[in-house]
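Take a look at the structure set out below.
Please treat every number below as a calculation from the coordinates, not as lab data. Computed from a predicted structure; not experimentally measured. Note: ideal-geometry Cβ built from the backbone for every residue, glycine included; neighbour counts use all protein chains shown.
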Amino acid sequence: MRIILRACASLLTVLFLAATCHGADARTYYKQGKDSAAKGQYDEAITDLTKAIESNSKYYQAYNKRGKAYAAKGQYDEALADFTKAIELNPKYSQAYNNRGNAYYDKKQYEQALADYSRAIELNPKSHRAYTNRGNVYYDRKEYKEAYADYTKAITLSKKNDSAYFNRGLIYYALKQYDLAIADFTKVIQLNPKDPAAYINRGNAYKAAEQHDKADADYIKAEELSKPK
């Protein structure tokens, strides 16, 4: 057995061990692509993830990761193709449904996005990201009751989901429930103290609640955070 394992490196039995060698290459390229994507080096990530796929055509995680890199570059059609391939290879891969939903959402294809987010939730009911994303579709369609329910569910699943707090705060503000909006934007600030948008929106809620001193303080803080460094 030890001789066979060495053969992968020495090329003595390439045909017999092709799958093993290719599997190792695929994992290496996948890790390199993942690391590049984390640094925002999407072209490099796509190159390595493509090599991973060429080494292992059934590597559904690599298709999913490459799809995210394409989406980050705004190449949504390529991203959709990769997410769809990942789903074909693993129909229960909830992340790919969520990510494909994001690509559809960015293309404003809301029906397709809604279907994918719902499927992601079915496969993984604890996915706070999928609930948040589906809530965004409902929000954009002005279906605020459904959006509120999804944001609240997302918050229940993850107390650190600043996006869900922020968007629910927008709903409270629209409903003129200013105290609740202030509470949600305050939570966003606690989770992400350098988010100027959270200060601006909390300032708006304070202003609507006629707490003008607090509103002015938030606007000043937002301006400070927005200054180029």
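At a glance:
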| read-out | value |
| --- | --- |
| Among 98-110, 151-163, 61-73, the order from most to least packed when residues are scored by Cβ within 10 Å on average | 61-73, 98-110, 151-163 |
| Two-site label geometry, residue 225 and residue 149: point separation in nm, points 7 Å out along Cα→Cβ | 3.2 |
| Stokes-Einstein D (µm²/s) once Rh is taken as the Kirkwood radius of the stretch 179-229 over alpha-carbon pairs, at 20 °C in 1.002 mPa s | 202 |
| Sites residue 73 and residue 31, calculated FRET efficiency, Cβ-Cβ separation with R0 22 Å, nearest 0.05 | 0.60 |
| Per principal axis, descending, Cα span of the chain in whole Å | 80, 40, 31 |
| Length-normalised contact order of the stretch 179-229 in % [C-alpha pairs under 8 Å, at least 6 apart] | 35 |
